[in-house]
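What follows is a single structure, written as structure tokens, with notes after it.
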Amino acid sequence: MATAYTPTVTGTGVKAQIQRLGGYLAGMVMPNIGAFIAWGLITALFIPTGWLPDKQFAALVDPIITLLLPVLIGYTGGRMVHGQRGAVVGAVATVGVVVGAKIPMFLGAMILGPLAAYVLKKVDEFTAERTKAGFEMLVDNFTAGIIGGAAALFGVWGVAPIVRNVTTAAGHGVTWLINHHLLPFASVLIEPAKVLFLNNAVNHGVLGPLGVAEAARHGKSILFMLESNPGPGLGVLVAYLLFGPKTLRPSVPAAIIIQFLGGIHEIYFPYILMKPRMILASIAGGAAGIGTFMITGAGLVATPSPGSIFAYAAETPKGGWFGVFAGVLVAAGVSFAVGSLLLGFGRFAEKEADAEADDGAVNETPQETAQPTTHPEPQGA
């Protein structure tokens, strides 16, 4: 599937299948990037630790991230599968995921929204030839309502236990790595969990309590920086800015400001979801940052909330500036280097542009060949 963000994918191998999956994710997430930026601005400005704290405006933060954004993604995914009817059913199904999980369920929206639309598409194909004239609207409305309602119920019943189990497993894995002094490898669990919007669950549910106990004993803790480091996200975004698809580059500077200065890491997650291989850049940057923190003995006195560079500065103990900022810069540099490599240093973007141009040329070819040809009359006729 080709979208404004991904070229046409050919072939049937594993690589092609992964590229198609990335194309579907991009098609669901990237059209809604403006809503992500709006949420990021509201969050960075008006939460209690923001630039302009305001309780009334801050009340917008949770409903947007937990309800609006997942519903938009489910709506868009349903529309990709089955037009407007699929969009409506996808949105209804996503509400069930939201209610059942109680956390931002973007992954659930990406799965259940298109799935509900696909089921409706098959039902429509079955009923199209069996519905008598005059009953089309009645049948269409009831099939959409029944399937949307059933999908919402499934979201409430089936998603919450899965999310709880995933969060618990991630927490146990991170705890095991901490106990065995393998902290850099924690990025293998933390960074994918962040991209699936489990960052708050990992940070505040697992790392935060452990960090508080360590800070009480030693005056600082490295655990506060495992998930909140703004370096990996900064490196990924800069790689996109310089070498990513040209259609995306104009949106990246605002995302960098919101992520690095505002501390709203969720703003860069869609960029990784669009090209899943970029999670390797985030993991590498996170591991390099943690390793630097360990070598320099860095730590924070409390959880930086939100995880901006300014919050890091505010929570750094006296005399600990070098280690903290070195870890952030190293993480950004490594994630940028790996991300740039994964993006082909811009070559992939040029190939995508060429592919789009070739698609346009192919689409015009039938019109050109459709012109009648004239044959010269034989001389002397």
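The values are calculated or read from the model by the stated rules, or taken from the named source; none is laboratory data. On a predicted model such as this, the values are computed, not experimentally measured, just so you know. When we count neighbours, we look across all protein chains shown, and the Cβ atoms used for this are built from the backbone with ideal geometry, even at glycine.
For segment 330-352, enumerate the residues that are part of a helix (DSSP H, G or I), over 21 Å from N199 (Cβ atoms) and either of a type in the set (A, V, I, L, M, F, W, C) or out of contact with any Phe, Trp or Tyr (no Cβ under 8 Å at 6 or more places or on another chain) (or both).
Correct list: G333, A337, L341, L342, F345, R347, F348, A349, E350, K351, E352.
Taking helices (runs of 4 or more DSSP H) that fall entirely within segment 165-273, which contain at least 3 residues that are buried (at least 24 other Cβ atoms within 10 Å of the Cβ)?
Ranges flagged: 187-195, 231-243.
Restricting to segment 99-123, count the residues that are over 14 Å from L69 (Cα atoms) and surrounded by fewer than 21 Cβ atoms within 10 Å (Cβ to Cβ).
Count: 7.
Among what's in segment 161-199 and is at pLDDT 80 or above and of a type in the set (D, E, K, R), pick the residue that is nearest to the chain's Cα centre (by Cα).
K194
What do you reckon, is L60 surrounded by 22 or more Cβ atoms within 10 Å (Cβ to Cβ) and closer than 25 Å to I256 by Cα?
no
Do you know which residues across segment 294-329 are under 24 Å from the mean Cα position of the chain (by Cα), small (G, A, S) and not in a helix (DSSP H, G or I)?
S305, G307, S308
Only one residue in G78, G40 is within 22 Å of the chain's Cα centre (by Cα), modelled with pLDDT under 90 and buried (at least 20 other Cβ atoms within 10 Å of the Cβ), so which one is that?
After ruling out the rest, the residue left standing is G40.
Taking segment 59-82 as the search range and keeping residues that are in a helix (DSSP H, G or I) and without any contact (Cβ under 8 Å) to a residue 12 or more places away in the chain, which one is nearest to E125 (Cα to Cα)?
P63
Looking at G145, G158, G134 in this structure, which one is of a type outside the set (V, I, T), at pLDDT 75 or above, under 27 Å from V99 (Cβ atoms) and surrounded by fewer than 14 Cβ atoms within 10 Å (Cβ to Cβ)?
Answer to the selection: G145.
Please go through segment 296-329 and pick out each residue that is out of contact with any Pro (no Cβ under 8 Å at 6 or more places or on another chain), surrounded by fewer than 20 Cβ atoms within 10 Å (Cβ to Cβ) and without any contact (Cβ under 8 Å) to a residue 24 or more places away in the chain.
A313, K318, G319, W321, F325 - these are the residues of segment 296-329 that are out of contact with any Pro (no Cβ under 8 Å at 6 or more places or on another chain), surrounded by fewer than 20 Cβ atoms within 10 Å (Cβ to Cβ) and without any contact (Cβ under 8 Å) to a residue 24 or more places away in the chain.
Which residue, of K246, K220, is touching a Ser or Thr at 6+ places or on another chain (Cβ under 9 Å) and among the charged types (D, E, K, R)?
None of the others qualify; the one that does is K220.
Identify all residues within segment 83-98 that are surrounded by fewer than 22 Cβ atoms within 10 Å (Cβ to Cβ) and touching a residue at least 40 places away in the same chain (Cβ under 8 Å); write none if there are none.
Within segment 83-98, R85, V88, V95 meet the criteria.
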